[in-house]
1. Which pairs do you get when a residue that is more than 18 Å from Trp82 (Cβ to Cβ), found in the stretch 115-127, comes within reach of a residue that is loosely packed, with under 13 Cβ neighbours inside 10 Å and among the small types (Gly, Ala, Ser), reach meaning Cβ atoms under 9 angstrom, with the pair 6+ apart or on two chains?
2. Scan the stretch 25-35 and tell me whether some residue there is assigned to a loop (DSSP other than H, G, I, E, B), open to solvent by 70 Å² or more (accessible area, probe 1.4 Å) and of a type in the set (D, E, K, R).
3. As an exercise: evaluate Gly43 against (1) out of contact with any helix residue (DSSP H, G or I) (no Cβ under 8 Å at 6 or more places or on another chain); (2) open to solvent by 40 Å² or more (accessible area, probe 1.4 Å); (3) part of a loop (DSSP other than H, G, I, E, B); (4) over 20 Å from Gly117 (Cβ atoms) and give the number of the one condition it does not meet.
4. Condition first: free of Cβ contacts under 8 Å to residues at least 24 places away in the same chain, open to solvent by 60 Å² or more (accessible area, probe 1.4 Å) and assigned to a loop (DSSP other than H, G, I, E, B). Now tell me which residues in the stretch 135-155 satisfy that.
5. Which residue pairs have Cβ atoms under 9 Å apart, sit 6 or more places apart or on different chains, and have a first residue in the stretch 77-105 that is more than 15 Å from His125 (Cβ to Cβ) and free of Cβ contacts under 8 Å to residues at least 12 places away in the same chain and a second that is of a type in the set (Lys, Arg) and part of a helix (DSSP H, G or I)?
Amino acid sequence: MAATLTVEPAGRCCWDEPVRIAVRGLAPEQPVTLRASLRDEKGARFRAHARYRADAAGHLDLARAPALGGSFAGLEPMGLLWALEPDRPFWRLVKRDVQTPFVVELEVLDGHEPDGGRLLARAEHERHFMSPGVRRVPVRAGRVRATLFLPPETSEMSVHKTSRVDATLHPASFYVNCMSAPPAEHCESTPSKT
């Protein structure tokens, strides 16, 4: 039986949403290496790997099986994602365009060598930064530059009618207070208490 790698939720989810990674169809107690990689918007590659051992039934669930070493060790179900490190020294993983996802490639390799071993299974998972239907609206008022993220049910027209920013205040002397009030948002500039 061929090994299968599953990631849940299947296919895609938000960046801060936990995922469940599991492998089925391995030999009992088989040593494997799981490897994750992604490329940022400038093309820099980030990678992580961890060594595991399948259970007696040939299953591996990262929520139950501790990593035996690699980029991290111990019970870390999301370790392959938080342990991603750049190939280039001093490079940071920064998301510049929140409207596009990071695509994470996951691989299962036979044995405990991160760059060796036969490829047993592969999967791709999209990690999004905006939920479906959310709209990104740039805000420009005087020297204030911001971005407003609107939920799917909010109309842009209601925000334009109810938004106001007092541009006479220094940008550092106020904060924007947005409260949800059916049927539309109410946003106002409120002087800070400094």
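The values are calculated or read from the model by the stated rules, or taken from the named source; none is laboratory data. Here the structure is a predicted model, which is why all the values come from computation and not from measurement. All Cβ positions, even for glycine, are placed from backbone atoms using ideal geometry, and neighbour counts span all protein chains on display. The accessibility values were calculated without ligands, DNA or RNA, using every heavy atom of the protein model including side chains. Shrake-Rupley method; radii C 1.70, N 1.55, O 1.52, S 1.80 Å.
1. Short answer, once both residue conditions are applied: Leu120/Ala2; Ala121/Ala2; Glu124/Gly11.
2. The answer is yes; a qualifying residue exists.
3. Only one criterion in (1) out of contact with any helix residue (DSSP H, G or I) (no Cβ under 8 Å at 6 or more places or on another chain); (2) open to solvent by 40 Å² or more (accessible area, probe 1.4 Å); (3) part of a loop (DSSP other than H, G, I, E, B); (4) over 20 Å from Gly117 (Cβ atoms) is unmet by Gly43, namely (2).
4. Within the stretch 135-155, Pro152, Glu153 qualify.
5. Going by the 9 Å Cβ cut-off, there are no qualifying pairs.
Here is a yes/no grid of residues against (1) surrounded by 14 or more Cβ atoms within 10 Å (Cβ to Cβ); (2) basic (Lys, Arg); (3) modelled with pLDDT under 50:
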{"position": "Leu109", "(1), (2), (3)": "yes, no, no"}
{"position": "Leu120", "(1), (2), (3)": "yes, no, no"}
{"position": "Gly133", "(1), (2), (3)": "no, no, no"}
{"position": "Val165", "(1), (2), (3)": "yes, no, yes"}
{"position": "Ala172", "(1), (2), (3)": "no, no, yes"}
{"position": "Ser189", "(1), (2), (3)": "yes, no, yes"}
